[in-house]
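Step one of this worksheet: look at the structure below.
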Amino acid sequence: MPYIEVTNACKKYVQNGMETTVLDNVSLTIEKGEFICLLGPSGCGKSTLLNALAGFETVNSGSVKINENEVKEPSEKNITIFQNYGLLPWRNVLKNVELGLESKKIPKEERRRIAEEYIELVGLKGFEKRHPRQLSGGQQQRVAIARGLAVNPDIIFMDEPFGALDAITRMKLQDDILKISREEKKTIIFVTHDIEEAVFLADRIVIMMANPGRIKSIVKVPLGNYRNRTSRNFLYVRDKIFELFNLKTEEYIEYVI
């Protein structure tokens with residue numbers, strides 16, 4: 001059985017008497033340890049699908065299961081990292097990273113040891129006593145990642161976490177999260193509208209289209225663990241995804257690069 005299984009999932013909203021279908025008959029399976037990117041334009045339902053997987057929303061029909069259990073609410077076994085960092089401004093870096101460990105009643109000394117380990121992992125050793133206002137946007141996102149990893153989650157959900165960052169910082173964080181995902185062997189579901197970001201990060205790319213939101217194609221990225229943005233193979237895959245992304249069709253496409 002797949003680790004994560006979405007079967008014929010539909011999500012509709014009703015506002016001012018108008019019904020909008022955000023997800024239409026979406027089916028997807030994900031294996032443990034995969035890095036999956038949900039790629040698509042605004043309004044294609046990728047964030048809604050992520051929220052359904054994370055338990056923040058329920059589907060109107062169909063099913064969403066993790067480890068064969070129906071997802072009905074957020075699980076403490078999984079964490080979600082958003083674009084806005086979500087740091088507590090009155091806490092320094094160390095105390096922000098310790099936050100989830102506190103809720104799990106981890107003893108103080110062990111809590112500090114774990115937090116320091118992940119602060120070093122994300123490249124912020126020496127910044128433990130700084131507060132969010134003293135950090136750049138990229139550094140704040142690193143704190144959010146460290147806080148998430150510190151509780152040893154089964155799954156990491158990421159909703160365009162690097163979208164507000166400048167290009168150089170964004171690329172550095174892409175390098176970091178790819179390295180972390182390989183070393184920590186975490187299952188990661190990552191929402192993006194950036195084709196190059198998806199090719200750099202994903203084991204598989206789930207291409208979505210809008211009106212209503214559904215899966216257009218699922219593409220396995222044949223680049224291995226090491227990704228070079230300037231290599232011929234990387235550029236070839238990027239261009240093929242771009243072609244597929246812009247292909248005019250309403251049907252699901254089985255596609256192998």
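Derivation of every value follows stated rules applied to the coordinates shown; laboratory data play no part. Just so it is clear, the model here is predicted, and its values are computed rather than measured. A quick note on method: Cβ atoms are made from the backbone with ideal geometry, for glycine too, and the neighbour counts reach across all protein chains shown.
Miscellaneous remarks
- Between L101, L247, L135, the GNM of the chain built on Cα springs shorter than 10 angstrom shows L247 fluctuating the most.
- Here region 5-103 is assigned +1 on the Cβ of each Lys and Arg and -1 on the Cβ of each Asp and Glu. Its dipole about the Cα centre then comes out at about 240 debye.
- Farthest positive-ward along the chain dipole, Cα basis, beta-carbon charges - from P161, L173, S47: L173
- Scattering from region 159-239 was approximated by placing one identical point on each alpha carbon and applying the Debye formula without solvent; log10 I(q)/I(0) at 0.21 1/Å stands at -1.09.
- Region 21-70 - charge dipole about Cα centre, Lys and Arg +1 at Cβ, Asp and Glu -1, debye rounded to 20: 100
- Against the chain, whose longest principal axis comes from its Cα atoms, helix 137-150 is set at around 90 degrees.
- Cα pair count fraction exceeding 14 Å, expressed as % - region 85-153: 48
- Per-residue extension of 0.36 nm, minus the Cα-Cα distance of K179 and T21, leaves a gain of 53.2 nm for this segment.
- Charge dipole (Cα centre; +1 on Lys/Arg Cβ, -1 on Asp/Glu Cβ; no other charges) of region 85-153 amounts to roughly 200 debye.
- Only DSSP H runs of four or more residues enter the estimate; each adds -39500 (n - 2.57), and after division by the residues of the chain the mean residue ellipticity at 222 nm equals -10000 deg cm²/dmol.
- Karplus (6.51, -1.76, 1.60) ³J(HN,Hα), θ = phi - 60°, over region 155-172, in Hz, Gly and Pro reported as x: 10, 10, 9, 10, 9, 6, x, 10, x, 8, 9, 5, 4, 5, 5, 4, 5, 5
- Overall shape of the chain was characterised from the C-alpha gyration tensor. The equivalent ellipsoid obtained from it has semi-axes of 31, 22, 17 Å, in decreasing order.
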